[in-house]
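Taking it in order: structure first as structure tokens, then the write-up.
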Amino acid sequence: MDFDDPGTDHIIKFGFDRDNDRAAGISRGRLMLTGAEVKRAFDPCVNNIIASIQKQIFQTNIKSVLLVGGFGESRYLRRRLQEGLGDIPVITTNEPSKKAVAEGASIYFYKSFVTARATRFEFDIQIERPPSRCVNIGNRRIYTTIDGKIRVSGVWSPIVRKGAVVEVNEVRRAQFARTIEVPPEPVEPPPYRSDADGDSDSTIECVFDDDGELVAVNTPERDETFKVDLAIFNGTDSSAFGGWCTDTNGRYRHLEFPKCCTIRADLTDLSAVTPTQTNQVTGARYKRL
């Protein structure tokens with residue numbers, strides 16, 4: 001650690017006084033090295049340290065660099081580092097901490113118990129919205145939903161914004177609604193029909209007992225599974241797209257808003273307790289979940 005001047009030779013204790021190897025430069029347990037040889041041994045490590053620090057402090061406003069650890073006692077390292085950092089002072093402690101690596105490992109382990117994270121992306125889903133609340137609709141299709149509302153789809157609805165700090169056990173919730181069609185109730189059960197194999201070819205199956213009495217009407221089960229794609233925004237400012245995840249022709253922007261996952265939920269029980277509503281204009285029956 002005393003090495004600093006490449007022009008000065010250095011003696012390193014090597015073995016015992018009885019150890020001699022003239023060809024290797026060892027005499028009485030001592031190895032003679034020139035300053036240039038010591039410099040060649042230190043330079044690869046020192047150059048890597050300087051390059052690493054310069055990379056970490058690039059475009060930052062640090063005031064000083066503190067050297068810790070056993071190698072931080074090297075006068076050659078301190079001089080080269082000071083030359084590489086220019087006006088940024090290199091500070092050392094009076095008693096360099098040789099346990100800095102152990103302390104750093106302990107701190108890193110402790111900090112690995114993350115309590116919160118800032119989101120790297122914006123998480124959203126695609127929704128529909130009244131055209132009156134949208135701008136730059138372009139050629140996007142405007143339609144009437146089953147409940148008689150005028151809507152346009154392709155709207156980007158954020159659930160978690162980019163940079164939002166989310167605790168480990170925190171749950172972020174957002175409320176959305178989905179309208180599902182309810183088939184019309186049959187006025188009279190249709191006659192039972194079957195083909196030669198006895199299989200029903202009707203969408204509604206009537207079940208009769210041995211006396212020909214109607215005992216049940218079986219209608220096809222509706223799929224009450226809710227499914228929606230959760231997407232992320234890859235860019236820095238989703239407002240640049242005017243709140244749309246589709247282009248002006250209604251095509252989804254897969255590159256800017258890639259799918260993260262698909263959320264599925266069985267809404268059968270919720271649908272069973274949700275009252276049926278009727279569109280007064282079309283007579284269509286629906287439920288809003």
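The values are calculated or read from the model by the stated rules, or taken from the named source; none is laboratory data. These figures come from a predicted structure and were not determined experimentally. Every residue, glycine among them, receives a Cβ derived from its backbone with ideal geometry; neighbour counts consider all protein chains shown. For the accessible areas, the whole protein counts, side chains as well, though only heavy atoms, and no ligand, DNA or RNA atoms are used. Shrake-Rupley method; radii C 1.70, N 1.55, O 1.52, S 1.80 Å.
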Could you tell me how many of the residues in region 40-80 are under 14 Å from residue 90 (Cα atoms), assigned to a helix (DSSP H, G or I) and hydroxyl-bearing (Ser, Thr, Tyr)? 1
Name the residue that is nearest to residue 159 (Cα to Cα), counting only residues in region 208-253 that are out of contact with any strand residue (DSSP E or B) (no Cβ under 8 Å at 6 or more places or on another chain), modelled with pLDDT of 75 or more and not polar (S, T, N, Q). 242
In this structure, does residue 181 turn out to be open to solvent by 80 Å² or more (accessible area, probe 1.4 Å), in contact with a Phe, Trp or Tyr (Cβ under 6 Å, 6 or more places away or on another chain) and under 26 Å from residue 226 (Cα atoms)? yes
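Table: residues versus (1) farther than 30 Å from residue 244 by Cα; (2) surrounded by fewer than 15 Cβ atoms within 10 Å (Cβ to Cβ); (3) modelled with pLDDT under 80; (4) among the hydroxyl-bearing types (Ser, Thr, Tyr).
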| position | (1), (2), (3), (4) |
| --- | --- |
| 65 | yes, no, no, no |
| 74 | yes, no, no, yes |
| 89 | yes, yes, no, no |
| 105 | yes, yes, yes, no |
| 112 | yes, yes, yes, yes |
| 136 | no, yes, no, no |
Among the listed residues 83, 37, identify the single one that is without any contact (Cβ under 8 Å) to a residue 40 or more places away in the chain, open to solvent by 80 Å² or more (accessible area, probe 1.4 Å) and not in a strand (DSSP E or B). 83
